[in-house]
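Notes follow the structure.
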Amino acid sequence: EAEAGAGLRAVTLSVTAPEGGLRKGLVAAWAEVRRAQRFGFLESELDLVVKSWEAQLQTAWLERSQEDSSSLTEALKGHFLMAKPAPAPAHEIKLENHLLHSVAAAEL
């Protein structure tokens, strides 16, 4: 059985810089991308990301009753009109948690 996400390749880069510092921020971000391409990631770096993501999942779960109804509306609209998945929040968190713990730094 294939692992979830097998063969998936995706990269997202976000740069937040103070006014007048965008060029410097982009150069620094690009240097990190090149470093990651050349050397990969350490398990300790991956552990930090996993812990951060787990904290975000925990916060989202605790604040789920305060979520704006428009995000639910958009999710259900995508589900009914374009057959996009719309899992229950508990299932979504369970899946994300499984995926977080199924990746090793050597695979990145």
Which entry in (i) 12.4; (ii) 7.9; (iii) 9.9 matches mean projected area of the Cα convex hull in nm² derived from the coordinates of this structure? (iii)
Under a plain spin-label model, where a point goes 7 Å from the Cα along Cα-to-Cβ, how far apart in nm are Ala86 and Ala17? 4.0
In square angstrom, what is the accessible area per residue of segment 41-108 with a 1.4 angstrom probe? 81
With contacts defined as alpha carbon pairs under 8 Å and 6 or more residues apart, what's the relative contact order of segment 29-108 in percent? 52
Inter-label distance for Leu26 and Phe41, nm, one decimal - labels placed 7 Å from Cα along Cα-to-Cβ: 2.5
Within segment 56-95, DSSP-loop GluC sites (Glu not before Pro) with at most 10 other C-beta atoms within 10 Å are Glu63
Rounded to the nearest 500 deg cm²/dmol, what is the calculated helix-only ellipticity per residue at 222 nm for the chain, with -39500 (n - 2.57) per DSSP H run of length n ≥ 4? -19500 deg cm²/dmol
Share of accessible surface on carbon and sulfur in the chain, whole %, 1.4 Å probe and ligands ignored, is 59
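The values are calculated or read from the model by the stated rules, or taken from the named source; none is laboratory data. All of these numbers come straight from a predicted model, not from anything done at the bench. Here the Cβ is made from the backbone with ideal geometry for all residues, glycine too, and neighbour counts use every protein chain on show. Note: areas computed on protein heavy atoms with side chains; ligands, DNA, RNA excluded. Shrake-Rupley method; radii C 1.70, N 1.55, O 1.52, S 1.80 Å.
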